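For reference, the structure discussed in these notes is given below.
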Amino acid sequence: MTETTTRTAITRPVFVRHDDAALRTLHIVTWGCQMNAYDSLRMADVLRPMGYREVATDDADMVIFNTCHIRERAADKLFSALGRLRAVKEARGGRMMIAVAGCVAQAEGAEILRRAPYVDLVVGSQAYHKLPELIAAVEAKRASVIDTAFPAEQKFDFLPEDQSGQGAIANLAIQEGCDKFCTFCVVPYTRGAEQSRPAAAIIAEAKRLVARGAREIALLGQNVNAWHGEGLDGRDWSLARLLDALAEIPEIGRLRYTTSHPRDMGDDLIAAHRRNAKLMPFLHLPVQSGSDAILTAMNRRHTVAGFRRIIEALRAARPDMAFSSDFIIGFPGETDADFRATMALVREVEFALAYSFTYSRRPGTPAADAAAQVAPALAHERLMELQDLLRDQQHAFNRAQVGRRFEVLFTGAGRYPGQVAGRSPYLQPVVVAGTGLADGAIGPGTMTEVTITSANPNSLMGTINQEQIAA
Ligand code: SAH
Ligand code: SF4
Ligand code: F3S
């Protein structure tokens, strides 16, 4: 069932010209995960037929904030940005529509309009396909509109075809929502229950992305490896089977999937890393903590030993496999021994990349009410110690690439004249200066072997094997 709530207490001028042919400007501000970045592209797709064209500045006919609720500070960004935009709207005599989308919209709903009554539209993460009718409702009623319902239909089935032109590296959402209910996390509440798109829709979208130049496709989902959907043969497919089908599209050179949960890292998916050559040897696998007591309190439903077994099995399947992960430090009840166990796991696994944060209390999640909250200063001290180690590991991983030769997918020009830039199999930016080739010999989508000559903390430099290009 869908519900649209309107608030009529606020009267306001008509913001947007009704003339459908008129060109209207649109500015989307995106925070949060790759799913939000993908959703923002899709919102632009929905609004394009209404005459909206994206502009780089926030002095636009419509400004959408696509928000993240994962940590307190992520959510706070919205209200300070809204405060700034209010002045821009006033300077335009009110002729601006301000919309709040994404996970804060989903979680806070009417509270946003209470704190910022000049917001015109609050649209939850599952209602983007309804944007045209919601905008029409704002214009007709001259009142703010909220839609944060979880409709019965999947938004993906109702969004127009992707027209975003993402370039050589493209994201494709295949799964949304989460049924895991980790005790710290808002995602099951902001994104709803796990839903998988059918294989046919995913393959069709992949082909459209390829036709517009994509050579690398990253499959997105909040729990992407829990994906299971209707296959082309009508049977239930696993992610491993879907990856095999996508690998049959000749123009696709590289495949990835993110974010995975250790619970769903099945044997068939591990085996796919052995047999599917297009699957990149890099996996983001959040572990959160190296202590079983904390993993239990987090309701992660896997153990440290279980995580270790997955890493070993993947390294056995592909010896060049590298890993990134997420960590939460200072989860309620975390003792010094628990933290030491996390440090020990990090030393043992050696991550190529990692994201780590102190625990942030999220009202409405079970852990928010736990008695044993860790003092913020102590959590911060532990986080700094962990981040020192993770930074050293990232630098060591980058340095270890020097002298290696691997295929780089080029995405465009580098920062300085004559440079071309791309991505390594491990997502590191790679820059090649002075290729000695004619301009344009290497363009977005070119995949060719590069020998890595030096490493910076966040990027690599390399040279191109000339015969490779001539061939
Ligand atoms: N679905 C993914 C990650 C989703 S959120 C998974 O299961 O791992 C991305 C990351 O944000 C999480 O991995 C976690 O490390 C972090 N995170 C989530 N809630 C948090 C909170 N309340 N405080 C601090 N970090 C949090
Ligand atoms: Fe959040 Fe856990 Fe679901 Fe990941 S698996 S989205 S951390 S509840
Ligand atoms: Fe943030 Fe929502 Fe993504 S809370 S991390 S934008 S799913």
Revision key, fill the gap. Exactly one of A377, A396, A354, A368 is farther than 25 Å from E449 by Cβ and surrounded by fewer than 13 Cβ atoms within 10 Å (Cβ to Cβ), and that one is A377
Study note, to complete from the structure: Note on the range 399-420: residues of a type in the set (A, V, I, L, M) and surrounded by fewer than 15 Cβ atoms within 10 Å (Cβ to Cβ) are A400, V402
Study note, to complete from the structure: Residues in the range 22-36 that are surrounded by fewer than 17 Cβ atoms within 10 Å (Cβ to Cβ) and in contact with a Ser or Thr (Cβ under 8 Å, 6 or more places away or on another chain) total 1
Study note, to complete from the structure: Log entry, pairs with first residue in the range 178-206 being assigned by TED's automatic domain parsing to the domain that holds N36, second being within 7 Å of ligand 2 (Cβ to nearest atom) and at pLDDT 95 or above, beta carbons closer than 6 Å, six or more apart or on different chains, reads none
Exercise for review: Considering only the range 210-262, give the strands (runs of 3 or more DSSP E) lying wholly within it that have at least 3 residues that are within 16 Å of ligand 1 (Cβ to nearest atom).
Suggested key: 216-220, 254-258
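With the structure loaded, tell me whether M35 is within 16 Å of ligand 2 (Cβ to nearest atom) and at negative phi or whether it fails that test.
Yes: the conditions hold for M35.
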Practice item. Check G443, G434 and return the single one that is surrounded by fewer than 18 Cβ atoms within 10 Å (Cβ to Cβ) and more than 23 Å from I217 (Cα to Cα). Key: G434
Exercise for review: For the range 264-365, please list each of the helices (runs of 4 or more DSSP H) lying entirely inside it that holds at least 1 residues being within 15 Å of ligand 1 (Cβ to nearest atom).
Suggested key: 292-297, 304-317, 336-349
Exercise for review: Please determine, by comparing only the residues of the range 242-256 that are closer than 26 Å to F307 by Cα and touching a residue at least 40 places away in the same chain (Cβ under 8 Å), which one is nearest to the chain's Cα centre (by Cα).
Suggested key: R256
Review point. Can you find even one residue in the range 203-220 that is β-branched (V, I, T) and more than 25 Å from P286 (Cβ to Cβ)?
Key: yes
Exercise for review: Count, please, the residues in the range 61-84 that happen to be away from ligand 2 (no atom under 16 Å from the Cβ) and either more than 17 Å from I28 (Cβ to Cβ) or surrounded by fewer than 22 Cβ atoms within 10 Å (Cβ to Cβ) (or both).
Suggested key: 10
Check your understanding: Taking the range 322-348, which residues are more than 23 Å from C182 (Cα to Cα) and surrounded by 20 or more Cβ atoms within 10 Å (Cβ to Cβ)?
Key -> A322
Practice item. Kindly indicate whether any position in the range 149-171 is at pLDDT 95 or above, within 16 Å of ligand 3 (Cβ to nearest atom) and crowded, with 18+ Cβ neighbours inside 10 Å. Key: yes
Point to revise | Only listed residue being within 22 Å of the chain's Cα centre (by Cα), at pLDDT 95 or above and β-branched (V, I, T), chosen from V104, V119 | key: V104
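The values are calculated or read from the model by the stated rules, or taken from the named source; none is laboratory data. All values reported here derive from a predicted model rather than from experimental measurement. Glycine also receives a Cβ, built like all others from the backbone with ideal geometry; neighbour counts cover every protein chain displayed.
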